[in-house]
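Read through the structure below, which is laid out as structure tokens, and then see the notes.
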Amino acid sequence: MSATTMPPALGPVKDQAVAAALGRRRKAADRLVRLLSYAATLIGLVFLASILLTLFYKGFGAMNLSVFTEVTKPPGSEGGLLNAIVGSLIQVALATAIGTPIGMLVGTFLAEYAKGSAFGNLVRFVSDILLSAPSILIGLFVYQLLVLPFGGFSGWAGVAALTIIIIPIVVRTTEDMLTLIPNTLREAVIGLGAPKWKMIVLICWRAATSGIITGILLGIARIAGETAPLLFTSLGNNAWSTNLNGPLPSLPITIYSYAGSPFQDWIELAWAGALLITLAVLLLNILARSVLGRGK
Amino acid sequence: MQQAATLPLGTPMGAKPQRAASPGSFGDTLFSAACHAAGGFVLLLLGGIIIELFIGGLPAFRAFGIPFIWSTEWDPVTEVFGAGVSIYGTIVTAVLAILLAVPVAFGVAFYLTELSPPWLRRPVGTAVELLAAVPSIIYGMWGFFLIAPIMGQYIQPAVIDTIGELPLIGELFQGPPFGTGIFTAALILAIMILPFIAATMRDVFQQVPPVYKESAYGLGCTTWEVMRSVVLPYTRISVVGGIMLGLGRALGETMAVTFVIGNANRISASLFGPGNTIASVVALEFGESEMGSLKLSALLALGFILFVLSFIVLAISRFLLRPRLKG
């Protein structure tokens, strides 16, 4: 505004009408993009709401006590998902128990031993690739490695596939959390005469606990819903089974085969299972966030 | 200080600290070895995946040679297999999903970094991240039972009657409105990768030094102009990295696509036609192939091709993203 009151010779010649039109156009462009941005966010939220509402609507309608007390049965007879739920719990628990220590060691290696080394960079790169690699390929890999040579589908093969999926998730969070710890803390511990491994296990891991737990919870949430890798490993089982040497039932596989079936009661059971799994996964995610929030 | 440290070692008592140090150093060796071994194990995993998939696919590669990659034949009866259709479907659905997802993801990231009131930033951000946590099989069911009927009854007929009538691009939107098909699969994929791209964009947008943005605001720029002329140029490499990350995810997505793509081994001119992707073919045909058969080998060969594809995309993504996010 003040420029227009100056003598014209001092600044660029300005036509007020042109300047006002330009300003209007810039403001209009800004408003348009803002509007589109609001719309985009709304679209994202609508999708989430639609998924959740569909699940609640269809899932609660199919939910009853026999879902938790009965095993899967042929169409027409009152069946449940008990064997699938137990099978999933077994596989996810074992995969987490095996994958977490390995992932933590790799993350510790990257943060404490391999800063800037070529080998460390390679491991970090490979772990990042594994983090986003298609899970179906991990299933195929375990099929080649554990199912073909040993002559059959097995719960252990399913556990192996889920372990491979959870490792890079734990690696990433462990490394990130250890990197956040100030070096002065490490120097203080070493200065007191503690060996390096004690510094890592007793001090660094403890300082990073909330972050590492967050990573493990997110990892559990991820593998609990994995379907594709289990198709080629633990295969699924319609009978009650806790035998890890044979085909083991799991919730995602049961949902997959039931949702694609022509039987109405099976499809309803699939919705009930889908609601269960989504609730579990979302609760784990929210829990993970609150653990991290409290740690900070 | 140095003297004080070296002095006790010279005295006869010097043996004691050495003995005291030895259990620690043994623990150190052990722990360091365990960490290194775990690192090596991760390398072995990736190497193992590549080698096992290649070995498994070798009979198919031998039987059909290089033309396996573009051959569109898939006949289990005569045992003739080709990857052409599924590679086409994989790339078309993934690229289409990116085209649909990127503008929306940008809008979400723009909202979360510049427009949202502070109290809404966390809940909306969390909601978007929860969208990424929903398992892919849930997307599959949702897509199959809710989105596909909507597409088939309302959206596709409307598009076929309007855009489908246009010359040239019309051909992409013709044919019967099945509801399922390439386009619906791409739409579901787009929704699935939207949170990944949006979260990456938000994270890199937040790393633009505030001074740059404030300078631009000081010159009288609007919010959009600051985004377009300051934030985007500053972050464009990472933004492309985030998009590649989404592309990598879309290429290998299995369950959601299997539900809605229609599963037909043909390349149709229309995006509304059915098709398949590498992942959906592997998931569907695996149950019907015997151990040791040529078909199983063909599926493993498909897996190997998918691995190479996603490895390239993910490697590029990481190469573009890592330095900026770490810095």
If you go through B:PHE259, B:PHE196, B:PHE205, the only one that is touching a Phe, Trp or Tyr at 6+ places or on another chain (Cβ under 6 Å), within 13 Å of chain A (Cβ to nearest Cβ) and among the aromatic types (Phe, Trp, Tyr) is B:PHE259
Suppose the filter is farther than 28 Å from B:GLY164 by Cβ and either of a type outside the set (Val, Ile, Thr) or at the interface with chain A (Cβ under 9 Å from one of its Cβ atoms) (or both); does B:PHE272 pass it?
no
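So that you can scan it fast, the table gives a plain yes or no per residue for (1) more than 13 Å from chain B (Cβ to nearest Cβ); (2) within 17 Å of A:LEU251 (Cβ to Cβ):
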| position | (1), (2) |
| --- | --- |
| A:ASN183 | yes, no |
| A:GLU187 | yes, no |
| A:GLY191 | no, no |
| A:LYS198 | no, no |
| A:LEU202 | no, no |
| A:LEU217 | no, no |
| A:LEU231 | no, yes |
Wholly within the range A:59-149, helices (runs of 4 or more DSSP H) carrying at least 1 residues that are among the acidic types (Asp, Glu):
A:118-132
Check off (1) touching a Leu at 6+ places or on another chain (Cβ under 8 Å); (2) within 10 Å of chain A (Cβ to nearest Cβ); (3) buried (at least 24 other Cβ atoms within 10 Å of the Cβ) for B:MET291 and give me the number that stays unchecked.
(3)
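For the range B:188-210, which positions are of a type in the set (S, T, N, Q) and part of a loop (DSSP other than H, G, I, E, B)?
Once the filter is applied, which keeps residues that are of a type in the set (S, T, N, Q) and part of a loop (DSSP other than H, G, I, E, B), the range B:188-210 yields B:GLN206, B:GLN207.
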Inside the range A:229-277, can you point out the residues that are buried (at least 24 other Cβ atoms within 10 Å of the Cβ) and of a type in the set (Ser, Thr, Tyr)?
A:THR233, A:SER234, A:SER250, A:THR254, A:TYR256, A:TYR258
Residues that are surrounded by fewer than 19 Cβ atoms within 10 Å (Cβ to Cβ) and in a loop (DSSP other than H, G, I, E, B), drawn from the range B:223-264
B:ALA264
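Residue by residue, here is whether (1) more than 9 Å from chain B (Cβ to nearest Cβ); (2) of a type outside the set (Lys, Arg); (3) free of Cβ contacts under 8 Å to residues at least 24 places away in the same chain holds:
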| residue | (1), (2), (3) |
| --- | --- |
| A:GLY246 | yes, yes, no |
| A:SER250 | yes, yes, no |
| A:ILE255 | no, yes, no |
| A:GLY260 | no, yes, yes |
| A:TRP266 | yes, yes, no |
| A:LEU269 | yes, yes, no |
| A:ALA274 | no, yes, no |
| A:ARG289 | no, no, no |
| A:GLY293 | yes, yes, yes |
Which of the residues spanning the range B:265-279 are buried (at least 24 other Cβ atoms within 10 Å of the Cβ) and within 21 Å of B:GLU79 (Cβ to Cβ)?
B:ASN276, B:ILE278
Determine, yes or no, whether A:TRP205 is in contact with a Phe, Trp or Tyr (Cβ under 6 Å, 6 or more places away or on another chain), under 25 Å from B:ALA33 (Cβ atoms) and in a helix (DSSP H, G or I).
no
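So which of A:ILE165, A:ILE136 ends up being under 23 Å from B:GLY252 (Cα atoms) and within 7 Å of another protein chain (Cβ to nearest Cβ)? Give the derivation first.
Numbers: A:ILE165 fails: within 7 Å of another protein chain (Cβ to nearest Cβ).
After applying the criteria, what remains is A:ILE136.
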Considering only residues that are in contact (Cβ under 8 Å) with a residue 60 or more places away in the chain and of a type in the set (A, V, I, L, M), look in the range B:275-287 and name the one that is nearest to the other protein chains (Cβ to nearest Cβ).
B:ALA279
Restricting the search to the range A:115-130, which residues are crowded, with 21+ Cβ neighbours inside 10 Å and more than 7 Å from chain B (Cβ to nearest Cβ)?
A:ARG124
Would you point out the residue of the range B:294-305, among those that are touching a Gly at 6+ places or on another chain (Cβ under 6 Å) and at the interface with chain A (Cβ under 9 Å from one of its Cβ atoms), that is surrounded by the most Cβ atoms within 10 Å (Cβ to Cβ)?
B:LEU300
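When you check A:ALA221 against the structure, is it hydrophobic (A, V, I, L, M, F, W, C) and farther than 16 Å from A:GLY107 by Cβ, yes or no?
Judged against the criteria, A:ALA221 is a match.
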Out of the range A:195-238, which residues are more than 30 Å from B:VAL281 (Cβ to Cβ) and among the small types (Gly, Ala, Ser)?
A:ALA207, A:ALA208, A:SER210, A:GLY211, A:GLY215
Of all residues in the range B:90-111 being within 22 Å of the chain's Cα centre (by Cα) and at the interface with chain A (Cβ under 8 Å from one of its Cβ atoms), which is surrounded by the fewest Cβ atoms within 10 Å (Cβ to Cβ)?
B:PRO103
Please indicate, with yes or no, whether at least one residue in the range B:161-168 is away from chain A (no Cβ under 14 Å), surrounded by 13 or more Cβ atoms within 10 Å (Cβ to Cβ) and either in a helix (DSSP H, G or I) or in contact (Cβ under 8 Å) with a residue 40 or more places away in the chain (or both).
yes
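Values in this text are rule-based calculations from the coordinates and carry no lab data. Computed from a prediction, not measured in an experiment: that's the story for all the values here. Cβ sites come from the backbone with ideal geometry, for glycine too, and all protein chains shown count toward neighbours.
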